[in-house]
Amino acid sequence: QVQLVESGGGLVQPGGSLRLSCAASGSIFSFNVMGWYRQAPGKQRELVAGISRGGSINYADSVKGRFTISRDNAKNTVYLQMSSLKSEDPAVYYCNYRDRSLSAWGQGTQVTVSS
């Protein structure tokens with residue numbers, strides 16, 4: 001099993017920045033992908049960004065140029081630097097880990113954008 005612990009959510013003004021972190025522990029497989037999803041009220045969970053252990057990255061079109069995903073393989077930690085936050089960004093953000101045999105989710109962290 002893999003456990004994920006997220007941190008870094010909170011309240012930020014429009015145009016502001018937040019950094020999310022997610023640390024994985026447990027049975028970490030060498031080849032894995034970690035990423036961030038978000039789910040707003042009444043909407044489906046959607047991919048925000050993902051990064052493989054080798055550094056391959058993909059972003060949702062809605063966050064390209066504003067969000068940056070990165071990871072520290074030595075710490076099994078993935079980060080999401082969110083900048084220029086907009087009114088459409090508030091949601092619960094979930095960390096995800098997946099490898100060839102399993103997928104795990106974090107508990108979620110709330111991101112609120114409000115003046």
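The values are calculated or read from the model by the stated rules, or taken from the named source; none is laboratory data. Remember, it's a predicted structure, so these values are computed and weren't measured experimentally. No Cβ is skipped: glycine too gets one built from the backbone with ideal geometry, and neighbour counts run over all protein chains shown. To get the accessible areas, we keep the full protein, side chains included, count just its heavy atoms, and leave off ligands, DNA and RNA. Shrake-Rupley method; radii C 1.70, N 1.55, O 1.52, S 1.80 Å.
Every condition in (1) at pLDDT below 95; (2) touching a Lys or Arg at 6+ places or on another chain (Cβ under 6 Å) is met by VAL78 except one, and the failing one is (1). Pull up the range 20-57, narrow it to residues that are of a type in the set (Phe, Trp, Tyr) and not in a loop (DSSP other than H, G, I, E, B), then point me to the one that is farthest from VAL78 (Cα to Cα). Residue satisfying both the conditions and the ranking: TYR37. Checked against (1) open to solvent by 30 Å² or more (accessible area, probe 1.4 Å); (2) more than 10 Å from the chain's Cα centre (by Cα); (3) not hydrophobic (A, V, I, L, M, F, W, C), ASP89 meets all criteria but (1).
Counting the residues of the range 84-99 that are assigned to a loop (DSSP other than H, G, I, E, B) and touching a Phe, Trp or Tyr at 6+ places or on another chain (Cβ under 7 Å) gives 1.
If the requirement is being over 12 Å from THR109 (Cβ atoms), of a type outside the set (Gly, Ala, Ser) and out of contact with any helix residue (DSSP H, G or I) (no Cβ under 7 Å at 6 or more places or on another chain), which of these qualifies: LEU20, LEU47?
LEU47
If you check every pair at least six apart or on different chains, which have Cβ atoms under 8 Å apart with a residue in the range 81-108 that is under 14 Å from GLU6 (Cβ atoms) and of a type in the set (S, T, N, Q) first and a residue that is in a loop (DSSP other than H, G, I, E, B) and open to solvent by less than 30 Å² (accessible area, probe 1.4 Å) second? Taking only residues 6 or more apart or on different chains, the pairs are ASN96/GLY106. Kindly establish whether ILE57 is open to solvent by less than 10 Å² (accessible area, probe 1.4 Å), within 23 Å of GLN3 (Cα to Cα), among the β-branched types (Val, Ile, Thr) and modelled with pLDDT of 95 or more. No.
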